[in-house]
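The values are calculated or read from the model by the stated rules, or taken from the named source; none is laboratory data. Predicted model only: the values in this text are computed from it and were never measured. Virtual Cβ from ideal backbone geometry, glycine too; neighbours counted across all protein chains shown. Surface accessibility is based on the protein's heavy atoms, side chains included, excluding ligands, DNA and RNA. Shrake-Rupley method; radii C 1.70, N 1.55, O 1.52, S 1.80 Å.
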Amino acid sequence: MESILTKKIWTLEEAREVLPLVRDITKEYYLKASVLADDVRNKMLPENILESKEDEIGDIIKHWTNEILNLKIDVKGLWLVDFDHGNGFYCWTWGEEDVLYEHGYHEGFRSRKLIEEKKKKMTQINENYLKLKAGYLFPEIGRRVKAYSDANQNAKIIRLGIGDVTLPLAPTIVNAMVDAAKEMGSAGGFHGYGPEQGYSFLIQKIIAHDYTARGVQIAEDEVFVSDGSKCDCGNIQEIFSLDSKIAVVDPVYPVYVDTNVMAGRTGEVGPDGRYANIIYMPATEENNFEPEFPKEKPDIIYLCYPNNPTGMVATKARLTEWVDYAKKMGSIILYDSAYESFIQDPEIPKSIYEIPGAKEVAMEFRSFSKTAGFTGTRCAYLVIPKDLKGKTKSGEEVSFNSLWNRRHTTKFNGVSYVTQKGAEAVFSAQGQVEIKEQISYYMENAKLIREGLGKAGYKVFGGTNAPYIWLKTPRGLKSWEFFDELLGKAQVVGTPGSGFGPAGEGYFRLSAFGKREDVISAIERIQKM
Ligand SMILES: Cc1ncc(COP(=O)(O)O)c(C=O)c1O
């Protein structure tokens, strides 16, 4: 539609004042035209009637155009108008509540932007989010896999990338959840809000099985049941000062770093892929994946053993060194042992509290996700011993347990009764048999991957006490280069090590959570590459 320039120059206030009239006029003609357009779309009408209806629509649009032009407003398209503001146009189209957009004289609808004046009034965002490195790892993997499968429609792609489990929930857990759901449906067995920290029946089992049995004393009010370790690991930083300095092993589960970036504890990311104001502790083949203790004092140290992504574990001696270091420096260790159930070596601690004195320096994160296939069911827990203390600016001691209790009860309303009953069943004798079978299945996968890749000449790490195999990329390839090569030549998807931190560059993660037949085919294909 042709644009007819009018002489009037509009202020934003004037445009907004006249908008109700413009909207009323437009509505009237729009509704008339829509009825006719529906008739026209109905091809059952005879040709001559169709034509006359089309003419009528044309007339309606002409009338609408004239009415708008009479108001000295430009018409730029169907139900699309522009108000000349002397430096470009304010732009409005049918369906919009207000005059919200503008564009230059030589731009059109597609280039319109929110009006500056409107922008000034807008609520400000948390700009720390903009510091986050663009393109999270897994979406980028998804994008590349999709591009490959679009171009190679018959390719049978095997995914050994994302760390989700594949075996169904064990029957004992399912039965417990079904019973709990039925109980919820009975008058006497209904449960509304439960304790935010979790039901005693579950906490007692956690303590008995995961701690007392390993010689560790934990009190009920030191355990907080939640809907996942991801949330716990991500949210825990809220109870620390914004000035706290964090130290992370590099490479590592990205949630630790990203949540601190969001909170504003870091600077921008540098060309080396590191955020300013974080202490990175590289763990590579060169240091046997045992990072040096930072010289500068970290307030918070994130440790994850068995490690995601390297699959490495911490020995008792090594954990003792960490506990001693934290005591010496006055640091708090956030110990993520989401994969403890994969530890096969009886000498390797499953809990940091197996180290004397750890209760004064460490919190521990545990999850049912990988232990019992709860990735889609959601249940985890966090242990914060009451001995663990921080201080206020003025030097008063405060217990982290009480801070987290306040945080948890304010922002979280508890894991569902049905889920907690399912989690409780994990600790029953039969539940233990069933989940151990699942873990053995995954660990057998890990063995096949580790040995298969070893035979194919790859340098592999992890996979003996963890469901992850960390391999050095061949010929010095970058992680993403190897990703593309593996996808292109073997149709196997893994996870580039660089996605877990700068020191992961040149490494690659394969997960043992796949189906056995897929693992076997993947290894055969890789061996033929
Ligand atoms: C190291 C680590 N911690 C925590 C989690 C999150 O577990 P959850 O499913 O309990 O949120 C994961 C999940 O992949 C993980 O790898």
* Residue in the range 323-343 that is farther than 26 Å from LEU242 by Cβ, assigned to a loop (DSSP other than H, G, I, E, B) and more than 11 Å from the ligand (Cβ to nearest atom) present -> yes
* To do: Scan (1) more than 30 Å from ILE206 (Cβ to Cβ); (2) open to solvent by 10 Å² or more (accessible area, probe 1.4 Å) for the single condition GLN432 breaks and write down its number.
  => (1)
* Asked: Of the residues that make up the range 140-153, is at least one within 30 Å of VAL81 (Cβ to Cβ) and out of contact with any Phe, Trp or Tyr (no Cβ under 7 Å at 6 or more places or on another chain)?
  -> no
* To do: Given the conditions (1) away from the ligand (no atom under 16 Å from the Cβ); (2) open to solvent by 10 Å² or more (accessible area, probe 1.4 Å); (3) not hydrophobic (A, V, I, L, M, F, W, C), report the number of the one that SER367 does not fulfil.
  => (1)
* Which residues, taken from the range 125-144, are modelled with pLDDT under 85 and either outside the structural domain of ARG509 (by TED's automatic domain parsing) or under 16 Å from PRO502 (Cα atoms) (or both)? -> LYS133, ALA134, GLY135, TYR136, LEU137
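Within the range 250-261, is even one residue touching a Lys or Arg at 6+ places or on another chain (Cβ under 7 Å), within 28 Å of PHE224 (Cα to Cα) and away from the ligand (no atom under 16 Å from the Cβ)? Talk me through it step by step, then tell me what you get.
At the first step, the residues of the range 250-261 found to be touching a Lys or Arg at 6+ places or on another chain (Cβ under 7 Å) are 255, 261.
If we keep only those that are within 28 Å of PHE224 (Cα to Cα) too, we end up with 255, 261.
Now drop any that are not away from the ligand (no atom under 16 Å from the Cβ), which leaves 261.
Scanning the range 250-261 turns up at least one residue that is touching a Lys or Arg at 6+ places or on another chain (Cβ under 7 Å), within 28 Å of PHE224 (Cα to Cα) and away from the ligand (no atom under 16 Å from the Cβ).
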* **Residues of the range 351-364 satisfying the condition of being in a loop (DSSP other than H, G, I, E, B) and open to solvent by 40 Å² or more (accessible area, probe 1.4 Å)** => PRO356
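The rows are residues; the columns are (1) more than 16 Å from the ligand (Cβ to nearest atom); (2) surrounded by fewer than 23 Cβ atoms within 10 Å (Cβ to Cβ); (3) under 15 Å from PRO502 (Cα atoms); (4) hydrophobic (A, V, I, L, M, F, W, C).
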{"site": "TYR280", "(1), (2), (3), (4)": "yes, yes, yes, no"}
{"site": "THR284", "(1), (2), (3), (4)": "yes, yes, yes, no"}
{"site": "PRO294", "(1), (2), (3), (4)": "yes, yes, no, no"}
{"site": "LYS297", "(1), (2), (3), (4)": "yes, yes, no, no"}
{"site": "CYS304", "(1), (2), (3), (4)": "no, no, no, yes"}
{"site": "THR315", "(1), (2), (3), (4)": "yes, yes, no, no"}
{"site": "GLU321", "(1), (2), (3), (4)": "yes, yes, no, no"}
* What are the pairs, 6+ residues apart or on separate chains, where a residue within the range 294-308 that is assigned by TED's automatic domain parsing to the domain that holds SER341 and at pLDDT 95 or above has its Cβ under 8 Å from a residue that is hydroxyl-bearing (Ser, Thr, Tyr) and more than 16 Å from the ligand (Cβ to nearest atom)? -> LYS297/SER331; PRO298/SER331; ASP299/SER241; ASP299/SER244; ASP299/SER331; ILE300/SER244; ILE300/SER331; ILE301/SER331
* Asked: helices (runs of 4 or more DSSP H) wholly in the range 138-238 with at least 2 residues that are open to solvent by less than 60 Å² (accessible area, probe 1.4 Å) and within 16 Å of the ligand (Cβ to nearest atom) - which ones?
  -> 200-206, 229-235
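Looking at the range 263-279 only, could you name the residues that are of a type in the set (Asp, Glu) and closer than 16 Å to GLY504 by Cβ?
Pass one, the range 263-279, residues of a type in the set (Asp, Glu): 268, 272.
Correct list: ASP272 only.
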* Has the range 403-421 got any residue that is open to solvent by 20 Å² or more (accessible area, probe 1.4 Å) and in contact with a Pro (Cβ under 7 Å, 6 or more places away or on another chain)? -> yes
* Asked: Does ASP250 count as open to solvent by less than 20 Å² (accessible area, probe 1.4 Å) and of a type in the set (Asp, Glu)?
  -> yes
* **Any chance THR266 is among the β-branched types (Val, Ile, Thr), out of contact with any Gly (no Cβ under 6 Å at 6 or more places or on another chain) and exposed (fewer than 15 other Cβ atoms within 10 Å of the Cβ)** => no
* Structure fact -> Counting only residues that are over 35 Å from the mean Cα position of the chain (by Cα) and either open to solvent by less than 90 Å² (accessible area, probe 1.4 Å) or at pLDDT 95 or above (or both), the range 106-116 contains a total of 2
* Structure fact -> Subset of the range 396-449, residues in a helix (DSSP H, G or I) and among the polar types (S, T, N, Q), comes to ASN401, SER402, ASN405, THR409, THR410, THR419, GLN420, GLN430, GLN432, GLN438, SER440, ASN445
* Asked: Are there any pairs, at least 6 apart or on different chains, whose C-beta atoms fall under 8 Å, with the first in the range 376-401 and under 30 Å from VAL418 (Cα atoms) and within 16 Å of the ligand (Cβ to nearest atom) and the second open to solvent by 10 Å² or more (accessible area, probe 1.4 Å) and among the charged types (D, E, K, R), and if so, which?
  -> ARG378/ASP227; CYS379/ASP227; ALA380/ASP227; VAL383/GLU222
* Structure fact -> Those residues of the range 474-496 which are of a type outside the set (A, V, I, L, M) and more than 17 Å from VAL145 (Cα to Cα) amount to PRO474, ARG475, GLY476, LYS478
